[in-house]
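Rule-based calculations on the coordinates, nothing more; no lab input. Predicted model only: the values in this text are computed from it and were never measured. As a convention, Cβ positions derive from the backbone with ideal geometry for all residues, glycine included, and neighbour counts pool all protein chains shown.
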Amino acid sequence: MVPLAVFPLVLVAAVCHAAWNALMKASENPLSLAARAMTLGTVVSLPPVATLWLIQGRPGLPFAGWLLALGSAMLELTYFITLSTAYRRGELSVVYPIARGTAPLLAVAVGVVILGERLHLVAVAGILLLLGGIWAVRRPTSAGAALGPAVMTGILIAAYTSLDRVGVRLGPPWLYGWLLWLFAAIFLLVFTRTRRVTERRLTDELGTSLAVGVLMTGAYFMILFALSIAPLAIVAPLRESAIVLVTAWGIWRLGERRGAWIRIAGAVAIVGGIALLTIA
């Protein structure tokens, strides 16, 4: 039986994920904000993680866990680069649904083409909903230059999620998650400094950076915890309800009004498609 606490936990995580993406889109330099936010999120989460580490007898990760965390962090760096590029080029209510909807489609394609899996009718219905939803989201105003980086963001989501599903099973999920966060923060800082993406200090725009960092880190650890006590079939569709929240925010708060109802319908279809693929 699924603990009832999972449902509000994952929904809160979805709201946090939607909120930090909205703040990223509103930023003049999304990649710079991501670097500051992830660094601050790593620092803020250190005390509770360190306390838990001491209470649980100082657990560790095998060498493979460290390698997976490093590999996933590199993918996270590329993810933030493509996501910030997409947000600079396109609208929030277009970029976010395409990015989040591409990952499950890619997972199905890998399963069918590489692993030789067969699709049930429920999975086929899920794919059709996903494709229809993505088409509806970008149809009112073509995604244009944002389409490429948005799709690449979805591919990267699928890639680092695959690594993380292995990594969290090699030791305490919270320890793996924090090390991944630490490595990703370092990579982001080094990249933004060496490429001169920003000349700002970590203390600039402290309020916004801290808010994004807390929302980002909180959502990540809530999902890790939810996955440790509930099936993926429950967590994934609830988590992706953020697609509807972000689409609605872009339409009503950022003024992305053209084809509003088509976009909302597309976002709902994407979430429905993910739900069907998860239970198939």
Q. Which of these, G101, G207, G177, has the largest mean-square fluctuation under a Gaussian network model of the chain (Cα springs below 10 Å)?
A. G207
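Filter the GluC sites (Glu not before Pro) in the range 55-132 to those in DSSP coil with at most 13 other Cβ atoms within 10 Å of their Cβ, and list the result.
Those that pass, being in a loop and sparsely packed, are E117.
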Q | Calculated [θ] (222 nm, deg cm²/dmol) that DSSP helices of n ≥ 4 give over the chain, each run adding -39,500 (n - 2.57) | A | -27000 deg cm²/dmol
Q) Measuring from centroid to centroid over Cα atoms, what is the spacing of the range 120-189 and the range 18-93 in Å? A) 14
Q | Residue list for the range 1-35, given a label point 7 angstrom along the Cα-to-Cβ vector of T51 and an amide N cut-off under 11 Å | A | none
Q: With a bin width of 10 angstrom, please list the P(r) values of the range 215-280 as percents of all Cα-Cα pairs, from the 0 bin to the one holding the largest distance.
A: 21, 40, 30, 10, 0
Q | Environment charge of A242, counting only residues whose C-beta is closer than 14 Å and scoring Lys/Arg +1, Asp/Glu -1 | A | +2
Q.
Could you give the length gained by full extension between R257 and V110, i.e. 0.36 nm per residue of separation minus their alpha carbon distance, to one decimal place?
A. 49.4 nm
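Using the Cα atoms as the points, what is the convex hull volume per residue of the range 6-279 in Å³?
128
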**Q.** Of P47, P97, P237, the one that fluctuates the most in a GNM where the chain has Cα springs shorter than 10 Å
**A.** P47
Q.
Filter the chain for me: DSSP H helices, axial length by Cα at least 18 angstrom, mean Kyte-Doolittle hydropathy not below 0.0. List them by residue number.
A. 6-26, 30-55, 63-89, 92-113, 121-138, 147-167, 173-194, 206-229, 260-279
Q) Dividing the convex hull volume of the alpha carbon atoms of the range 1-77 by its residue count, what do you get in Å³ per residue? A) 150
**Q.** In nm, spacing of pseudo-spin labels at L4 and E28 (7 Å Cα→C-beta vector)
**A.** 4.9
Q. What residue among L75, L129, L119 shows peak mean-square fluctuation when the chain is described by a Gaussian network model with Cα springs under 10 Å?
A. L119
